[in-house]
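One structure is given here, and the rest of the page talks about it.
The values are calculated or read from the model by the stated rules, or taken from the named source; none is laboratory data. Only a predicted model underlies this, so the values are computations on that prediction, with no experimental measurement involved. For neighbour counting, all protein chains shown are included, and Cβ atoms are generated from backbone atoms with ideal geometry for every residue, glycine included. Ligands, DNA and RNA are stripped out before the accessible areas are found, and what is left, the full protein with its side chains, is counted by its heavy atoms. Shrake-Rupley method; radii C 1.70, N 1.55, O 1.52, S 1.80 Å.
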Amino acid sequence: MQEINDLVKQRLAALEEIKKLGVNPYPHRFDVKADSAGILSTFKDPADEAEAEAHKQKIISVAGRIMAIRKMGKASFFQVKDATGKIQIYIRQNDVGEQMYKLFKLLDIGDIVGVNGFVFRTKMGEVSVHASAIELLTKTIQPLPVVKEETTETGEKIIHDAFADVELRYRQRYIDLIVNDHVKDTFVKRTQIIHAIKRTLEGYNFFEVETPTLQSIYGGANARPFITQHNALNIPLYLRISNELYLKRLVVGGFNRVYEFVKDFRNEGIDRTHNPEFTQVEWYQAYGDYNDSMNLFEEVVENACLAVNNTTKVDYQGTEIDFKRPWRRLKMVDAIAEKCGIDVLNMKKADIIQYMKDKEIDLDPKIMHSKGLVIAALFEATCEESLEQPTFILDHPIDTTPLCKPLREYTMQQLEDMKKDPEAVIFVERFEPYINKWELGNSYTELNDPVLQRSLLEEQVERGRGGEEETHPLDEDFLRAIEVGMPPTTGVGLGVDRLVMLLTNSATIRDVLFFPLMRPL
């Protein structure tokens, strides 16, 4: 810490010296007319001396952050990093004048400068800019970590003294982005993935919309919300856990195909794949069902993978994953039969619970009233770990969601009879896509029967009163919208952060969020 303080004092002293030279260390603008990548890719060596002399008259201007300096007598080299890469600058007192060279001598790694000059190749063969003038654009006070990069004879890059403290990197992302080039690449790919998703959806005439983040009634998912207070109206409000119910209102209103990228907020734990604030894209398609959503989901993800990797195969933390369509489709009960060797449909609830006890599988006592919830818990405990390659898990118990249509194979009479039988499980047209053992999204053939919808949401309220923490509240306005009439509809939610993790080989969700939530120091 003392060393850092000493360096800060030295920089503050240099700042005062710069001001004594009559130089404004924080000017308002600089006219940038070139970038490092463009210079390096377009430079051609002059054919003769005449062409070389003419080339010296082609003055370009670049700007960026100083990442390395070799200060020598009256001629020096330094390296500037801009948004596209790095380029070497050669500066000589005879060219820029004594006053400007004095300014250069007061500069440090991390300072931001503008450079005018011509492009040439040094005797060592490196394309560089020969400075005719430099301008200090920002004098920095805090020193950067000194990261050294070495290129071997085989072209391999070796990084020395990397800024590698994980927690510090997340807390000081601005430094992380400056000194670790691969971090910036991850976020560039994140944006490319989002653009690819939008292109695919808009290719099918989906319309991008916006819905409220602050909601007077939260809903659309099983999750605990963040609660806040609106002072002017003196009412509690919730940060949205999902935008589903608002998008369905838009379908009711006549927008047949809508999508929205949103920040959702869930007041739950933090781990390798969970952050309380996360990005999701949801889309809704009138006159479609969950089969249509499965087809579109795998196309969206495959196209996103191709956009950033130029192949459907990626290596994720040592496991090869192939996103090429079509993906495997497996019913939840068949997945359990495949993994556990039992037929839960023909077992009593008590027998399933006993099986779980025998296998030492934890089961929340609050859900033991429901055979469907017990089946879902058994699936999560036994099957998820084996779902590495892209797989759709279909047909979930109705107890897991109040917003989805029962399987179309049921007759109305069968449904009525099954409701009266505590050992019967109604399954719904829902799928969850699994990749790398993670659930990556959720989709339904949406429930548009207003009578059944009200009944299921009222049941959720009762379950909440019974002690379950993650249940849906009753939203009367949403029910009114369904009563106005929603056409047959399918909807999808896709976790963008987890998808970016997979497609960029990022180990944790914090690696793909610019500013992940951290406990205050």
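Miscellaneous remarks
- For the range 266-364, the list of trypsin sites (Lys or Arg not before Pro) that fall in a loop by DSSP and count at most 12 other C-beta atoms within 10 angstrom reads Arg272, Lys348, Lys359.
- Straight-distance crosslink candidates among lysines, where the alpha carbon sits under 22 Å from Lys371 and sequence neighbours closer than 8 are dropped: Lys331, Lys339, Lys348, Lys349, Lys357, Lys359, Lys405, Lys419, Lys420
- Sorted largest first by accessible area at a 1.4 angstrom probe radius, with every protein chain in place, the residues Phe104, Phe265 fall in the order Phe265, Phe104.
- Using a probe of 1.4 Å on the protein chains alone, the accessible area found for Glu260 is around 10 Å².
- The range 126-148 and the range 9-44: distance between their alpha carbon centers, rounded to Å: 7 Å
- Amide H partners (placed H, <5 Å) of Lys331, local residues excluded: Leu394
- Between Lys19 and Lys33, the contour length at 0.36 nm per residue exceeds the alpha carbon distance by 2.3 nm.
- Loop chymotrypsin sites (Phe, Trp or Tyr not before Pro), the range 388-496, which have at most 16 other Cβ atoms in a 10 Å radius of their Cβ (DSSP): Tyr410
- Antiparallel bridge percentage (DSSP; both residues within the chain; nearest 5): 90 percent
- Straightening the chain between Asn234 and Leu168 buys 19.8 nm, computed as 0.36 nm per residue apart minus the Cα-Cα spacing.
- Per-pair calculated FRET efficiency, R0 = 25 Å: Lys74 and Gln10 via Cβ, rounded to 0.05: 0.65
- Within the range 387-482, trypsin sites (Lys or Arg not before Pro) in DSSP loop having at most 11 other beta-carbon neighbours inside 10 Å: Arg408
- Calculated [222 nm] ellipticity per residue, helices only, for the chain: -10500 deg cm²/dmol; basis is -39500 (n - 2.57) per DSSP H run with n ≥ 4, divided by all residues, nearest 500.
- Between the range 88-122 and the range 229-263, the C-alpha centres lie 54 angstrom from each other.
- Among the protein heavy atoms, those of Thr213 account for about 50 Å² of accessible surface (1.4 Å probe, every chain in place).
- Protein heavy-atom surface of the range 259-403, 1.4 angstrom probe: 43% of the accessible area is carbon and sulfur, with nucleic acids and ligands not counted.
- For the range 167-316: rounded, prolate or oblate by the Cα gyration tensor [a/c cutoff 1.5]: oblate
- Percentage relative contact order, the chain, counting C-alpha pairs under 8 Å, at least six apart: 12 percent
- Summary value for the range 195-283: 28 percent relative contact order, contacts being C-alpha pairs under 8 angstrom separated by 6+ residues.
- Under the criterion of Cα pairs below 8 Å and six or more residues apart, the relative contact order for the range 1-155 equals 26 percent.
- Given a 1.4 Å probe and the protein chains as shown, Arg70 ends up with an accessible area of around 130 Å².
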